[in-house]
1. Measure up 74/403; 74/225; 60/403; 4/33 against 23 Å on the Cα-Cα distance and list the ones that go over.
2. Return the FRET efficiency for the residue pair residue 74, residue 660: r is the Cβ-Cβ distance, R0 is 30 Å, and the value is rounded to the nearest 0.05.
3. Among 515-524, 593-602, 580-589, how do they line up by average Cβ neighbours within 10 Å per residue, starting with the highest?
4. Calculated FRET efficiency, residue 686 and residue 193, Cβ-Cβ r, R0 60 Å, to nearest 0.05?
5. Sorting check: for 152-163, 115-126, which peptide has the highest mean count of neighbouring beta carbons within 10 Å, and how do the rest follow?
6. Long-range amide H contacts for residue 707: which residues qualify at under 5 Å (H placed 1.01 Å from N, peptide plane, sequence gap of 5 or more or a different chain)?
7. Would you please give the residues with an amide H less than 5 Å from that of residue 453, counting only those at least 5 places away or on a separate chain, with H modeled from the backbone geometry?
8. Roughly how many percent of the accessible protein surface of the stretch 464-554 is carbon and sulfur, given a 1.4 Å probe and a whole-percent answer?
Amino acid sequence: MSEKLDLNLLPVARYGGQEYPELLGLFVSEPPKRAARGRGSDRLILYLAMTGNAPLSPSKQEQALAYLADLYYKTPGSVTSGLRAISEEFNNLLHKRNVRIASSGRQGVGLLVQAVLRDEQLTLAHCGPTHTFLITANEVQHFHDPEMAGLGLGQGRSAPLHFFQATIKPNDTLILAAQPAPDWDPSTLGGIHGQGPESLRRRLFGSSVADLNAVLIQAKAGQGKFYLPKPKSEEVSQASIDILPDVTQAPVAVEPVPGIERMEASPIADSEPEPAVHAVSAPVQPEPEPMPREGAAQRVGGIASNAKAGRKSRGGVNLAPLGKFLVIVGTPMARVGAILGSAVKTLFVRMLPGEFFQSIPVPLMALIAIVIPAIVVTAGSWTYIRLGRDAQNEILLAQAQQKVLQAASQTDLLARRAAWEDILEFLQPLGNDPKAEALRVQARNALDDLDLIKRLEYKPALQFDPQDNVQITNLLLVDDDLYMLEGNSGTVLRAQLIGQAFVWDQTFQCGPNISGVRLSGPIIDILAWPAGFKPVASVVALDASGNLLFCSPNKPPETGKLTTPPNGVFGNLMGFTYDEGNLYVLDPLSNAVWIYLGSKVEEEPYLFFDQQIPFMQDVVDLAVNNEELYLLHSDGRMTVCFYSAVETALTRCSDQQYMDFRPGRENTPWMAANPFTQVLHSQPPDPALFLLEPVSKGIYHFSLRSLAFQRQFMPSTTLAGGGATAYAVNPIQRYFFLAAGGQVYYAAVP
């Protein structure tokens, strides 16, 4: 049967060789009367240390810990789910605060140890490179995750979190440490089991001269209460220091402080500007002196003092930090100004006649006395801030480099991706610093490798006058010629590759406004017309009513027309494609894809479908590979249909899911951030599907049949203009062409 344990709490803190018996950043709580399901027997210990040059003030730390304890007891479920909720909430609050003050080169990072005791079962959650030592009669257990080095709460969107579990018995000792002594290890701590508090304090401090920040917790058989140390510096009644409220008294858990119930009014929202603090290299509390004491029991879980602390700064803006800054910087600068003013006066007296000096008006002399110190103070303040910012940048760079090493050594692929993403976010405050930019490039390259992204060096192939408002909606490669469908006019343009550059063919004619050509409207799609087919042409163009235009260089176009289907009418044609000698025409309004066998447009077409016809009203493009039809919908979905020419077998269609094959995400559903707008089927030697995502100007490569994601081709630099409107793929010569913002680019595929 599990035994109830009393817990004695003892601080172990040393700064600059001096011991401080203060419980800094510690909050303990028993379950309130109305705890969530599963929380009724949980005792919670929160131990917080802040690093960085913008730590939370002591009052805000107390407020935040009370808020987190209240959150834990309101979160139902397992112990780990409650601790995870605390970690994510506090990380989110700190991260928002750091983003808000990032422009000043400041940040505060939280190192948090959470401990929950349920009878004798201990659950620990470490956020950051913290340590916990459990000293039992048989062994010393050291709980620490070395991969947490350099991490903490508030640095990224995800909270660094590691769980540990153990069993604690009477006379066992628990040490929570943000900054342990260098000589604390199982061999040095093994002999202190069962010793009294003061003996433990002497043994833990020993001869070490290092700074320490830790909390010592001793377990004793009892009634399940918390005990706090008696203050040495004050006369305090026994009632105020004996025991934190037990189950017969008011619950220890602090009620929500007014105004911080919701995250938008968080307990760490700055109600006043906090002064810049020099960076603390070790994870310790930044205050070099003990805080004014209000009673240990009050500050560690007391209801009244925490609520009061949360209300102190609500009446208005606190100018104390600004006053401190002016006193620190302005006082010596004012002294310098006074000395300088006196020197200037003496110099004037010596250089100029007394009568001249006496003739200077008194107001002017007063103005000089004010302006000179002000100039000195301004210059000094600017230098002070500038030097502080440079020093902070160096600290952030060092932390970022440490994060890079940790991300590169991460074996879990999803964790590695998250680590690199956090590095990019962490580097934002450093702007265009060359060292930071080098780390950004390294992080982006690492993410590209994980996400199967290839960066392409696009170069201009053709440029249009912006005033012409050109909109290229289709690109087509035929030998060394580039054909472009201009969407506004519905006209086909041609450029010929001569040497290493494309040159406009001003004589090429292919469009609705050519003499002798009869089309019902603008051209909507173009295809390469196979050699040997009649009539002879390089490209064939289609309008929405089924009219055809066969175009070739150096000759006028020839007209033709698709034979209408058995019902005698088309709906509204949107495009066509060619495969294995057959012509496939997309007619979404009629829920149809018409097949012209042998591309004989003068013969009546066949319907691709039989009994099963998919919904096609939102289909925007199509591709065909042998007997497989790919229908691209406006929302990016893909319907795949398998044609059957056998009477006993039916043509079948289904919406098919894109599959992810990126490292760590194999065989999971894949979704694009934005819908695809065009699909192409490339011919052997690399038959595949290529889809265009216009917003990112990305070309995505998928395998046939399974739609397995292979790779993503992205521009290495930002391309001018808006989204991509058309693309073409040459799998043999391995070139991509991309139209965006009235320009046409090309890139070699590595």
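1. On the way: 74/403 34 Å; 74/225 21 Å; 60/403 28 Å; 4/33 19 Å.
Correct reply: 74/403; 60/403.
2. Details: r = 36 Å, r/R0 = 1.21.
Using R0 = 30 Å, I get an efficiency of 0.25.
3. Numbers: 515-524: 14.8, 593-602: 17.1, 580-589: 19.0.
Packing order, densest peptide first, comes out as 580-589, 593-602, 515-524.
4. Details: r = 68 Å, r/R0 = 1.14.
The value I calculate is 0.30.
5. So the peptides 152-163, 115-126, ranked by packing, come out 152-163, 115-126.
6. none
7. Hits under the 5 Å cutoff: 712.
8. Working: 2090 of 4430 Å².
With neighbouring chains kept in place, the figure for the stretch 464-554 is 47 percent.
The values are calculated or read from the model by the stated rules, or taken from the named source; none is laboratory data. All of these numbers come straight from a predicted model, not from anything done at the bench. Note that each Cβ is placed from the backbone with ideal geometry, even for glycine, and that neighbours are counted across all protein chains shown. In case anyone asks, the SASA skips ligands and DNA or RNA and just uses the protein heavy atoms, side chains included. Shrake-Rupley method; radii C 1.70, N 1.55, O 1.52, S 1.80 Å.
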